[in-house]
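Asker: First the structure, then my questions, so here it is.
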Amino acid sequence: MLKLLLKLTLPAAFLLTTAVVFQKPALFAQESRMNNAQLDSSDGFGKVLVVYYSLSGNTKNIAMRIKEKTNADVYEIKTVEKYPPAPILYITAKKQINPKNYPQLQDKMPDFEKYDLIFVGSPVWWYTAAAPVLSFLSQADFKGKTVVPFATHGGNYGSFFEDFAKKAKNAVIINGKDFKKVKKEKEDSLNDKITVWLKSLAVEL
């Protein structure tokens, strides 16, 4: 009789355990979605502007995600002259880091007065901000606005944030963020990284 009971109960116990195990990922996924929904909230940001320059698409990728999560307006920095392909690109980029050689930009500056929070994104060129962003900063006066820099790079952002802080005139700079090898980052991981960062900004504001 005992053997019969064991034969009947053990498979049932196994099925119950298996069901719990297979339910856990679904529960964790649901919890992750709930957390992301909370992190995606832009409460407290006010009116947001995302300024960015992007050559290969990495910085644009981050900028568009910030836009979606904060309901921001977007201003893309564009140069009058297009950049040449590599390897001439690297020589040109190095030369234009010099303030005397900043590239000319296409559009007039955005009206910062309309915004409470301004993100400014750039790829890292020669361990600092890309020349088009340096050109933009040389013309910008943030007049006490809160500015958040972000950078995309392949492995070393160098003095990007220090240089940005020196060149962003009259900006109140908070909690910048760098994003390494964006194209190799998994979609969910990249989204989580951005939303956690935005949540930290909401606390700091």
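The numbers here are math on the coordinates, done by the rules we state, and not lab data. What you see is a predicted model; the values in this text were computed from it and never measured. Backbone-built Cβ (ideal geometry, glycine too); neighbour counts: all protein chains shown.
Asker: Given a Förster distance of 35 angstrom, what is the FRET efficiency for Tyr90 paired with Gln139, based on the Cβ-Cβ distance and rounded to 0.05?
Answerer: Efficiency, from the Cβ-Cβ distance: 0.90.
Asker: Shape call for the stretch 43-204 from the C-alpha gyration tensor, a ≥ b ≥ c root eigenvalues: rounded (a/c under 1.5), prolate (a/b greater than b/c) or oblate?
Answerer: Oblate is the answer for the stretch 43-204, as a/c is 1.5 or above yet b/c matches or exceeds a/b.
Asker: Highest first, please rank the peptides 58-65, 146-153 by the mean number of other Cβ atoms sitting within 10 Å of their residues.
Answerer: Most protected by this proxy first, the peptides run 146-153, 58-65.
Asker: What distance in nm lies between label points placed 7 Å from Cα along the C-beta direction at Glu187 and Ala202?
Answerer: Computed distance between label sites Glu187 and Ala202 equals 2.3 nm.
Asker: What Kirkwood hydrodynamic radius do you get for the stretch 43-124 when you take the inverse of the mean 1/r over all pairs of distinct Cα atoms, in Å?
Answerer: 14.1
Asker: Provide the per-residue ³J(HN,Hα) series for the stretch 65-71, in order, calculated from phi with Karplus coefficients 6.51, -1.76, 1.60 and θ = phi - 60°, each as a whole number of Hz, with x at glycine and proline positions.
Answerer: Rounded to whole hertz, the list is 5, 5, 4, 5, 7, 10, 6.
Asker: Classify the stretch 149-205 as rounded, prolate or oblate from the Cα gyration tensor: take a ≥ b ≥ c as the square roots of its eigenvalues, call it rounded if a/c is under 1.5, otherwise prolate when a/b beats b/c and oblate if not.
Answerer: oblate
Asker: What lysines does Lys183 reach when the alpha-carbon gap must be under 26 Å and sequence neighbours fewer than 8 apart in one chain are set aside?
Answerer: Of all the lysines, those that pass the test against Lys183 - Cα under 26 Å, at least 8 places apart if same chain - are Lys60, Lys67, Lys69, Lys78, Lys82, Lys94, Lys193, Lys199.
Asker: Now a separate question. Determine by what factor the alpha-carbon radius of gyration of the stretch 84-157 differs from 2.2 N^0.38 Å, reporting the quotient.
Answerer: Computed over Cα atoms of the stretch 84-157, the ratio equals 1.20.
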